[in-house]
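A.B. asks: Here's a structure for you.
Taken together, the values in this text are just the output of simple stated rules run on the coordinates, not laboratory data. Note that the coordinates shown come from a computational prediction; the quantities given were computed from them, not determined experimentally. Cβ placement follows ideal geometry from the backbone for every residue including glycine, while neighbour counts extend to all protein chains displayed.
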Amino acid sequence: MQAAVFHSPFDLRLADVPRPLPVKGEVLVAVDAAGICAGDLYIFVGKNPYVSYPRIGGHEIAGRIAALGPDTDGPAVGTRVVVEPFIGCGHCYPCRIGKPNCCANLQIIGVHQEGGFAEYVTAPVDRLHPTSDRLTPFQASFAEPVAIGVQACRRGGVGADDTILVLGAGPIGLAIVEVARAAGARVYVTDIARDRLDTAARLGAIPLEGGGSLLDDVLRITDGEGMPVVMEATGNAKVMEQTIDLVASGGRVVIVGLVGKGVTIAWSGLDLTRKEATITGSRASVGCFPESLDLLARGAIRYPEIATGLALSQAPAVFTDLARNPSALHKAVFLRNSS
């Protein structure tokens, strides 16, 4: 089968590789659509702290069940599914308390094991979610990034009465924008890239220019109080540090962005107590795929409308372009039948 293989940083090549065989408890999925996310770009540029090379990337996967592993019960061959790529061990403390996304022995499809930038991928049967006939594979491939938005909004307790500020209008920031708006929240978003702000505005967010005037703008908008909820989705340490200034006293900060291993951030110790803000991390998702798929099927998420479908054969050129300019595409999805 054809696959796009990350051999090392900045070395992505198309290759013919053996089709994987599902073992007991697994299924073989024929990949119809696989989205690119920031984590995949981090693999390409050598900044993903979890990956080992060589690796077939891709964890935003939609397809059809092609085969069941031996002695495995599951949906029928041909069933359209999406793959939930985080696999917990089931035994460690995070798994025991219902947080397999934080598993001490976590395996991620497309990071620790081969992913969906290929014609076929294997996955545990309990990591599959059947999809609605109302969703094309292209649309269904958004289930994973939208689930990250669902998780972040759950972690931040976002509801219809909230006003939130999303820092970063990249793929994950836009997913948060969409989910928060679907919950009825008033959503502001900021980014230093004008085209990303324009895209966020098309999705219904209120754009704020990034840069040195952001804090003054937020204080002006909120009559000096700060934002009730601040969502960080840039992966920039300096931006993370700014969240404590931007949030209102008694508000909530959710850190979604991923920094490099060993990178530290500094907050004002006085502000941590003075503001009594709730600061929480949000990692991928747990139990969020059903809500994500429902939002997509109901048309509450318009994110796929701004994405670009591409052929897998374009992967080396696409990743090279994105490494030079991460804003070159708002969102890209590799499609089986795209030419």
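A.B. asks: I'd like the trypsin sites (Lys or Arg not before Pro) in the stretch 246-280 restricted to DSSP loop residues with at most 15 other Cβ atoms within 10 Å, sorted by number.
C.D. replies: Of the trypsin sites (Lys or Arg not before Pro), the ones in loops of the stretch 246-280 whose Cβ has at most 15 other Cβ atoms within 10 Å are K261.
A.B. asks: Packing-wise, with mean Cβ within 10 Å as the measure, how do 91-103, 22-34 rank, highest first?
C.D. replies: Details: 91-103: 15.0, 22-34: 21.6.
Descending mean neighbour count gives 22-34, 91-103.
A.B. asks: Considering only the other residues whose Cβ falls under 12 Å of the Cβ of G74, what net charge follows from Lys and Arg at +1 and Asp and Glu at -1?
C.D. replies: Numbers: positive: K24, R127; negative: E26, D71, D73, D126.
Overall, the nearby charge balance is -2.
A.B. asks: Which one of C153, L246, L165 has its Cα pushed farthest toward the positive end of the charge dipole of the stretch 146-281, where Lys and Arg give +1 and Asp and Glu give -1 at the Cβ?
C.D. replies: Value: C153.
A.B. asks: Fewest to most neighbouring Cβ within 10 Å: what's the order for V146, V5, V253? Could the numbers behind the result be given before it?
C.D. replies: Working: V146 29, V5 19, V253 24.
Least crowded to most crowded, the residues run V5, V253, V146.
A.B. asks: So what is the relative contact order for the chain, in percent, with contacts set as C-alpha pairs under 8 Å and at least six apart?
C.D. replies: Numbers: 791 pairs, mean separation 62.2, N = 339.
With pairs under 8 Å counted, the relative contact order is 18 percent.
A.B. asks: Once amide H atoms are built 1.01 Å from N in the peptide plane, which residues 5 or more positions from D32, or in another chain, come under 5 Å H to H?
C.D. replies: A62, G63, R64
A.B. asks: For T243, what is the net charge nearby, where nearby means another residue's Cβ is under 12 Å from its Cβ and Lys, Arg count +1, Asp, Glu -1?
C.D. replies: Values: positive: K238, R252, K275; negative: E232, E241, D245, D271.
Result for the local shell: -1.
A.B. asks: Which one of L270, L215, L329 has the biggest mean-square fluctuation once the chain is modelled by GNM with Cα springs under 10 Å?
C.D. replies: Top of the fluctuation ranking is L270.
A.B. asks: Let me ask another. Using θ = phi - 60° and the Karplus form 6.51 cos²θ - 1.76 cosθ + 1.60, what ³J(HN,Hα) does each residue of the stretch 229-235 get, whole Hz, x for Gly and Pro?
C.D. replies: So the J values, rounded to whole Hz, are 9, 10, 10, 9, 9, 9, x.
A.B. asks: To continue, here is another question. Could you put R220, R202 in order, starting from the residue whose Cβ has the fewest other Cβ atoms within 10 Å?
C.D. replies: With the fewest neighbours first, R220, R202 line up as R220, R202.
A.B. asks: Using alpha carbons only, what's the Rg to Rh ratio of the stretch 146-281 with Rh from Kirkwood?
C.D. replies: Working: Rg = 13.5 Å, Rh = 14.5 Å.
Using only Cα positions, Rg/Rh for the stretch 146-281 is 0.93.
A.B. asks: Out of residues 5 or more away from T72 or on other chains, whose amide H comes under 5 Å of its own, with H placed 1.01 Å from N in the peptide plane?
C.D. replies: G25
A.B. asks: Return Y53, Y188 ranked ascending by Cβ neighbour count within 10 Å, so the fewest neighbours appear first. Intermediate values should be presented prior to the final figure.
C.D. replies: Working: Y53 12, Y188 22.
Ranked by crowding around the Cβ, least crowded first: Y53, Y188.
A.B. asks: Could you give the nm distance between label points at R202 and K261, where each point is 7 Å from its Cα heading toward the beta carbon?
C.D. replies: 3.8
A.B. asks: Taking R0 as 30 Å, what's the FRET efficiency between A67 and S313 from their Cβ-Cβ distance, rounded to 0.05?
C.D. replies: Values: r = 25 Å, r/R0 = 0.83.
Computed FRET efficiency for A67 and S313 comes out at 0.75.
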